[in-house]
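A.B. asks: There's a structure below that I have some questions on.
The values are calculated or read from the model by the stated rules, or taken from the named source; none is laboratory data. Being a predicted model, the structure only gives us computed values, none of them experimental. Cβ: placed from backbone, ideal geometry, glycine included. Neighbour counts: every protein chain shown. The accessibility values were calculated without ligands, DNA or RNA, using every heavy atom of the protein model including side chains. Shrake-Rupley method; radii C 1.70, N 1.55, O 1.52, S 1.80 Å.
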Amino acid sequence: MLFCWSGIRSFPKLWKINPYLSLGPGQPSLFLLVDCGIRNQQRWFSLKTMSPQNTKATNLPIAKAKYLRKGYGGSKKQVPSDSPHLFAAGAAKKRSQMNNPQSKDHALPPVRNTIQLPTKPLNSEEWDKLKEDFIGKANFEDLVSSRMAQCHSSVDVAKSLLAWVAAKNNGIVGYNLLVKYLHLCVVHKQTSEVIDVYEIMKARYKSLESGGYTLLIRGLIHSDRWKEALLLLEDIKKVMIPSKKNYGDCIEGALLHQDVNTAWNLYQELLGHDLIPMMETLKAFFDFGKDIKDDHYSNKLLDILLYLRSNRLYPGESFAHSIKTWFESIPGKQWKGQFTTIQESGRCSSCGKTIESIHLSPEEYEFLKGKIMRDVIDGGDQYKKTTPGELKRFENFVKSCPPFDIVIDGLNVAKMFPKARESQVLLDVVSQLAKQNLQLLVLGRKHMLTQRSRWRKDEMEKVQKQASCFFADDISEDDPFLLYATLNSGNHCKFITKDLMRDHKACLPDAKTQRLFFKWQQGHQLAIMSRSPGLTFERILRHDTVVQTTGDSWHVPYDEDRVERYSYEVPTKWLCLHRKT
């Protein structure tokens, strides 16, 4: 059967096609470049809030004033109120750069392309010459088309490549090359070309792989044939759950063509599959809402904000602008938005309202404590290196002591300053905290008690005089002991370690418990900022970084465009929305 590729502009070549050739697992698949920008931030804490259940905790404000602001040795070294905390967005990257200042200088030079991509369409002779000059083991056509897709080359240049390939192969162009051409058509929004490729694929293949479906859906939504993207979505459903991008593109298409009901139905379907929508999808609803004066639609947008809150999700900077624009466009409501920050006291710098506390309610604390004890400490086999007998010995030890104010991961803290003697670092930390009349627990390993160059016995004896100490077997894990002691001591108790506990968060059984653990961690983990002159700690957040409302105000934390935030970090910038009075 002959298929004329006349649909794709200026293509005189013919294709031979099998009309029902199904793309099987043996067919080459499209290599997609995914932009995985790191978006998430983190913070360090201060010894500021404490529970009335422990009278020792009343000393913590004084302790904070002494060692968070002045440093342990009473030096005048200040910690700026706007200094990043352990979980602040971008803090991890800054620490990495400080620890490896020369890393960029030693980066390997980029590998040069072995092919200079043409900047204008080539004829057959020119493509023949370029292939002749090519030195390499890779398939020339695949390599060139991949480079074109990566570099977003001109559609006309890519078209000349496919015409050359078709001329050499009796009018046949392989699926892989065709999909890469489709990718360029989508990138450059060449809708007519997308439709032509769609017609060819529909005639040639009974089914496609997910990459082909995704590109076709994305390309079709901007055309008057956008509803055919919904048919492709149904095709995907026959074999798998469509991706959040597939749903997002179809939602965008529906909104572009004023089909609001279809857009919301697809959104609910997406949530029903426990998929987290792309921020671009949620932004599209707000952008569309500027032109709609409908209370029902407005309530759905407020539900999206509450969804962000429930799942501790953060819009990007552009999305935050869309939220601001929508609020300010609501007639008769007099909403005013400002981009701002939250003061160390927990007050909004714009409107002065107090943001929700980082600290768990008594009910949340007991729920989390039970989950940690059951799923992380008592259950699971992730702690095979900690024997049940030793854990029982530790539990009895903790019960015999009064509640602790601070639990110290001794080995972790001792190694924070590699150039210093480890026992001296630990002694410095314990000595400065002991001056504040705090009940301390140091967790360590038995080898720390053996005299050696980095562990002096006399310094460890001084540590033991100023703090309760528990030294586990050298093969044991420290973290279950640290979590047990901290949680068992009460909601006022803090802990010191540079370990961010990501493995333990991942071991928790559900998203709710993971979110509570991270919230508790932000309010309880102390990190040493510097050692000289005098120990200084990074501040602890007082407020919770989550979307929140009081009815006449909304506060929305958002990601800045140029700040890399890791998943265990939170934004530092906020959108403040309040109604004018």
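A.B. asks: Let me confirm something: among SER154, SER145, SER210, which residue is modelled with pLDDT under 95, hydroxyl-bearing (Ser, Thr, Tyr) and within 31 Å of the chain's Cα centre (by Cα)?
C.D. replies: Result: SER210 is the single residue among SER154, SER145, SER210 that is modelled with pLDDT under 95, hydroxyl-bearing (Ser, Thr, Tyr) and within 31 Å of the chain's Cα centre (by Cα).
A.B. asks: Just to be sure, is LYS202 at positive phi, open to solvent by 20 Å² or more (accessible area, probe 1.4 Å), out of contact with any Pro (no Cβ under 9 Å at 6 or more places or on another chain) and not β-branched (Val, Ile, Thr)?
C.D. replies: no
A.B. asks: I would also like to ask the following. Look at LYS227 and say whether it is under 28 Å from ALA254 (Cβ atoms), surrounded by fewer than 20 Cβ atoms within 10 Å (Cβ to Cβ) and among the basic types (Lys, Arg).
C.D. replies: Answer is yes for this residue.
A.B. asks: Taking the residues in segment 169-222 that are among the hydrophobic types (A, V, I, L, M, F, W, C) and touching a Lys or Arg at 6+ places or on another chain (Cβ under 8 Å) as candidates, determine which candidate is farthest from LEU143 (Cα to Cα).
C.D. replies: Taking the candidates together, the pick is ILE195.
A.B. asks: So the check is Cβ under 6 Å with 6+ separation or different chains; which pairs have a first residue in segment 257-270 that's without any contact (Cβ under 8 Å) to a residue 40 or more places away in the chain and surrounded by 17 or more Cβ atoms within 10 Å (Cβ to Cβ) and a second one that's among the small types (Gly, Ala, Ser) and assigned to a helix (DSSP H, G or I)?
C.D. replies: THR262/ALA254; ALA263/ALA254
A.B. asks: Still on this model: How many of the residues making up segment 148-160 are under 20 Å from GLY212 (Cβ atoms) and open to solvent by 10 Å² or more (accessible area, probe 1.4 Å)?
C.D. replies: Number satisfying all stated conditions: 6.
A.B. asks: For segment 275-295, which positions are at pLDDT below 95 and open to solvent by 60 Å² or more (accessible area, probe 1.4 Å)?
C.D. replies: LYS290, ASP291, LYS293, ASP294, ASP295
A.B. asks: Filter segment 161-192 down to residues that are of a type in the set (S, T, N, Q) and in a helix (DSSP H, G or I) and give me whichever is surrounded by the fewest Cβ atoms within 10 Å (Cβ to Cβ).
C.D. replies: First, pick out the residues of segment 161-192 that are of a type in the set (S, T, N, Q): 169-170, 176, 190-192.
Applying the additional criterion that residues be in a helix (DSSP H, G or I) yields 176, 191-192.
Values: ASN176: 18, THR191: 17, SER192: 11.
Among those residues, the one meeting the criterion is SER192.
Each row is one residue, and each column tells you yes or no for (1) touching a strand residue (DSSP E or B) at 6+ places or on another chain (Cβ under 7 Å); (2) free of Cβ contacts under 8 Å to residues at least 60 places away in the same chain; (3) of a type in the set (Asp, Glu).
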site	(1), (2), (3)
LYS457	no, yes, no
CYS469	yes, yes, no
LEU482	yes, no, no
LYS498	no, no, no
GLN525	yes, no, no
THR549	no, no, no
ASP559	yes, no, yes
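A.B. asks: Counting only residues that are among the charged types (D, E, K, R) and surrounded by fewer than 24 Cβ atoms within 10 Å (Cβ to Cβ), which one in segment 543-562 is modelled with the lowest pLDDT?
C.D. replies: Here is the first cut: in segment 543-562, the residues among the charged types (D, E, K, R) are 544, 552, 559-562.
From the residues that got through so far, the ones that are surrounded by fewer than 24 Cβ atoms within 10 Å (Cβ to Cβ) too are 544, 552, 560-562.
On the way: ASP544: 95, ASP552: 94, GLU560: 94, ASP561: 90, ARG562: 84.
The qualifying residue modelled with the lowest pLDDT is ARG562.
A.B. asks: Name the residues in segment 517-535 that are more than 28 Å from the chain's Cα centre (by Cα) and over 16 Å from PHE495 (Cβ atoms), would you?
C.D. replies: ARG531, SER532, PRO533, GLY534
A.B. asks: Out of curiosity, is ASP274 out of contact with any Pro (no Cβ under 6 Å at 6 or more places or on another chain), within 24 Å of VAL194 (Cα to Cα) and charged (D, E, K, R)?
C.D. replies: No, not satisfied.
A.B. asks: Take LEU308 and tell me if it is part of a helix (DSSP H, G or I), touching a residue at least 12 places away in the same chain (Cβ under 8 Å), open to solvent by less than 50 Å² (accessible area, probe 1.4 Å) and in contact with a strand residue (DSSP E or B) (Cβ under 9 Å, 6 or more places away or on another chain).
C.D. replies: For LEU308, the condition - part of a helix (DSSP H, G or I), touching a residue at least 12 places away in the same chain (Cβ under 8 Å), open to solvent by less than 50 Å² (accessible area, probe 1.4 Å) and in contact with a strand residue (DSSP E or B) (Cβ under 9 Å, 6 or more places away or on another chain) - is met.
A.B. asks: Please report, ordered by residue number, the strands (runs of 3 or more DSSP E) entirely within segment 419-497 with at least 2 residues that are surrounded by 23 or more Cβ atoms within 10 Å (Cβ to Cβ), of a type outside the set (Gly, Ala, Ser) and modelled with pLDDT of 90 or more.
C.D. replies: Correct list: 440-445, 494-496.
A.B. asks: Restricting to segment 223-263, give me the number of residues that are within 18 Å of PHE285 (Cβ to Cβ) and outside any helix (DSSP H, G or I).
C.D. replies: Residues that pass the stated criteria total 4.
A.B. asks: In this structure, is PHE394 aromatic (Phe, Trp, Tyr), touching a helix residue (DSSP H, G or I) at 6+ places or on another chain (Cβ under 8 Å) and closer than 24 Å to PHE517 by Cα?
C.D. replies: yes
A.B. asks: So, in segment 506-517, of the ones that are free of Cβ contacts under 8 Å to residues at least 60 places away in the same chain and part of a helix (DSSP H, G or I), which residue ends up least open to solvent (accessible area, probe 1.4 Å)?
C.D. replies: Selected residue: GLN514.
A.B. asks: While we're here: Starting from segment 335-355, keep only residues that are under 13 Å from PRO557 (Cα atoms), then list their pairs with residues that are open to solvent by 40 Å² or more (accessible area, probe 1.4 Å) and of a type in the set (A, V, I, L, M, F, W, C) whose Cβ atoms are within a distance under 9 Å, requiring at least 6 positions of separation or different chains.
C.D. replies: Pairs that qualify, where the first residue is under 13 Å from PRO557 (Cα atoms) and the partner is open to solvent by 40 Å² or more (accessible area, probe 1.4 Å) and of a type in the set (A, V, I, L, M, F, W, C), are GLN338/CYS351; THR340/CYS351.
A.B. asks: If you don't mind, there's one more thing I want to ask. Working carefully through the options ASP405, ASP409, find the one that is charged (D, E, K, R), open to solvent by less than 30 Å² (accessible area, probe 1.4 Å) and in contact with a Ser or Thr (Cβ under 7 Å, 6 or more places away or on another chain).
C.D. replies: ASP409
A.B. asks: Considering only residues that are modelled with pLDDT of 90 or more and assigned to a loop (DSSP other than H, G, I, E, B), look in segment 118-138 and name the one that is farthest from HIS188 (Cα to Cα).
C.D. replies: ASN123
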